[in-house]
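Just so it is clear, none of the values below were taken in a lab; they were calculated from the coordinates. Worth saying up front: this structure is predicted, and the values here are computed from it rather than measured. Backbone-built Cβ (ideal geometry, glycine too); neighbour counts: all protein chains shown.
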Amino acid sequence: MSAMDDYLATLRELEETGSAAIRTAADPDELERVRVEYLGRKARLTQLLRGIGELPHEQRRPAGAEANRVKRGLLELLEARAADLAAGVAAAAVEIDATLPGRERWRGARHPCTLVTDEICEIFKELGFLRARGPEAETTWYNFMALNTPLDHPAADEQDTFYLDRDIVLRTHTSPVQARVMEQWPPPVRVVVPGVVFRRDPFDASHAPAFEQLEGLAVDEGISFVDFKASIEYFVHRFFGADVVTRFRPSFFPFTEPSAEVDVSCTICHGTGCSACKGTGWIEIMGAGMVHPAVFDNVGYDSERYTGFAFGMGVGRIAMQRYRIPDIRLLYESDIRFLAQFARA
Ligand code: DAH
């Protein structure tokens with residue numbers, strides 16, 4: 001290595017260590033010590049500048065230019081750091097590498113149940129359904145009786161239901177909001193009602209004591225079973241895909257007549273049978289039916305004039321299908337690793 005190479009290498013080293021020392025100086029005293037060390041009368045840089053005369057003649061000019069450039073650079077940094085310290089800026093721990101990608105900040109994510117709820121509401125909005133809400137602590141009247149469900153019905157049993165008081169329960173379904181909406185607005189009505197419901201269910205892979213439901217109600221003159229089926233099929237095609245098949249099975253609910261259970265062909269195995277659909281090829285997505293005339297009578301609608309359909313689905317179950325979530329409990333734990341998967345890119 002020539003004397004010139006040596007000289008330049010030392011300059012570069014002083015430039016690097018000096019810059020870092022200046023940037024990380026935590027207070028004016030430390031900055032002063034750094035100044036003396038790198039730019040003082042006895043500093044190596046000062047000595048290097050003085051020693052230029054010892055270099056071969058033709059190298060003195062470029063070496064001097066480089067040494068002065070380093071010195072000016074350090075002086076500038078020193079001034080900037082002094083200003084920062086005066087303004088209270090904390091010490092830069094490391095030199096900034098502008099080529100490093102930024103560190104991503106956790107911005108939160110919407111819960112899969114919220115994503116699915118919003119998506120379902122958007123689809124029904126296309127059919128003219130508004131969003132409605134109702135209370136989670138509900139009277140036995142709205143939760144049961146207004147819906148044509150006598151209090152001695154098994155669903156009203158204290159063993160199955162969280163009673164807050166003799167006549168107040170944590171609602172066991174979102175259906176009471178049907179009655180509340182109809183009492184408040186004259187027909188026609190079309191609403192979707194998302195919300196949490198409560199049951200004395202075990203907390204296992206497919207049950208939770210509190211879970212999200214989504215209720216739907218359409219009432220008008222002349223609404224028929226055809227409108228009901230067509231609306232549900234429209235939703236299924238928009239939500240699950242055009243190739244998914246819908247099946248209506250006869251069922252019973254006190255507040256609908258006739259009542260149906262709606263299944264869709266399993267979106268995972270496409271109907272051939274897998275563990276998600278327990279080998280049946282079908283996934284149950286909702287209870288539904290034509291609104292029972294007794295419900296209209298209870299809310300003051302003319303049951304001779306108006307007909308309608310209603311449905312209620314478990315949002316968590318649908319989210320599990322959509323995102324292939326194997327255990328419902330994942331939806332009700334606050335594990336960031338699970339939730340982070342639903343952050344939008
Ligand atoms: N409320 C019922 C439940 O929680 C679901 C349901 C069935 C809602 C039929 C409806 C309906 O609106 O028409 O199991």
Note: K125 to A83 extended length (0.36 nm per residue) minus current alpha-carbon separation gives 9.3 nm
Under 23 Å from the Cα of K71, which lysines turn up, not counting those fewer than eight places away in the same chain?
K42
Using a Förster distance of 51 angstrom, determine the FRET efficiency expected from the C-beta separation of Q59 and Y234, and round it to 0.05.
0.05
Two-site FRET efficiency, D220 against Q159, from Cβ-Cβ distance with R₀ of 30 Å, rounded to 0.05:
0.20
Choose one answer from A82, A218, A109: the residue with the largest mean-square fluctuation in a GNM of the chain with alpha-carbon springs under 10 Å.
A82
Table column - 3J(HN,Hα) (Hz), segment 172-186, Karplus curve with 6.51, -1.76, 1.60, x for Gly and Pro
8, 7, 8, 4, x, 5, 3, 5, 4, 5, 5, 5, 8, 10, x
With unit charges on the beta carbons (Lys and Arg positive, Asp and Glu negative) and the dipole taken about the Cα centre of segment 222-343, which residue among I328, V299, I223 sits farthest to the positive side?
I328
Derived scalar couplings ³J(HN,Hα) [segment 127-138; Karplus, 6.51 cos²θ - 1.76 cosθ + 1.60; whole Hz; x for Gly, Pro]:
9, x, 8, 8, 8, 10, 9, x, x, 7, 8, 10
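As an exercise, identify the trypsin sites (Lys or Arg not before Pro) in segment 122-228 lying in DSSP coil whose Cβ has no more than 12 other Cβ atoms within 10 Å. Display every interim value, and only then the final one.
Numbers: sites: K125, R131, R133, R166, R171, R180, R190, R199, R200; in loops: R133, R166, R171, R199, R200.
The qualifying sites are R166.
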Taking the Cα centre as origin and putting +1 on Lys and Arg beta-carbons and -1 on Asp and Glu beta-carbons, what dipole magnitude results for segment 3-93, to the nearest 20 debye?
320 debye
If one computes the Cα centroid of segment 194-249 and of segment 100-125, what distance in Å separates the two points?
22 Å
Please get the size of the charge dipole for the chain, origin at its Cα centre, with Cβ charges of +1 on Lys and Arg and -1 on Asp and Glu, quoted in debye to the nearest 20.
1400 debye
Lone cysteines in the chain, going by a 4.7 Å Cβ-Cβ cut-off?
C113, C121
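Please give the calculated 222 nm ellipticity per residue for the chain, where each DSSP H segment of at least 4 residues contributes -39500 (n - 2.57) and the sum is spread over every residue; nearest 500 deg cm²/dmol?
Rounded to the nearest 500, the figure is -12000 deg cm²/dmol.
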Which listed residue (I120, A83, A65) has the Cα farthest towards the positive end of the charge dipole for the chain, taking +1 on Lys and Arg C-beta and -1 on Asp and Glu C-beta about the Cα centre?
A65
Evaluate E = 1/(1 + (r/R0)^6) for H270 and I336, where r is the Cβ-Cβ distance and R0 equals 30 Å; express this FRET efficiency to the nearest 0.05.
0.35
Out of A87, A132, A98, any idea which swings most in a Gaussian network model of the chain, alpha carbons joined below 10 Å?
A87
Along Cα→Cβ, 7 Å out, is where each label goes; now give me the distance between the ones at Y323 and R44 in nm to one decimal.
5.6 nm
³J(HN,Hα) across segment 60-76 via Karplus (A = 6.51, B = -1.76, C = 1.60, θ = phi - 60°), whole Hz, x for Gly/Pro?
5, 5, x, 5, x, 4, 5, 4, 5, 5, 4, 4, 4, x, 5, 5, 5
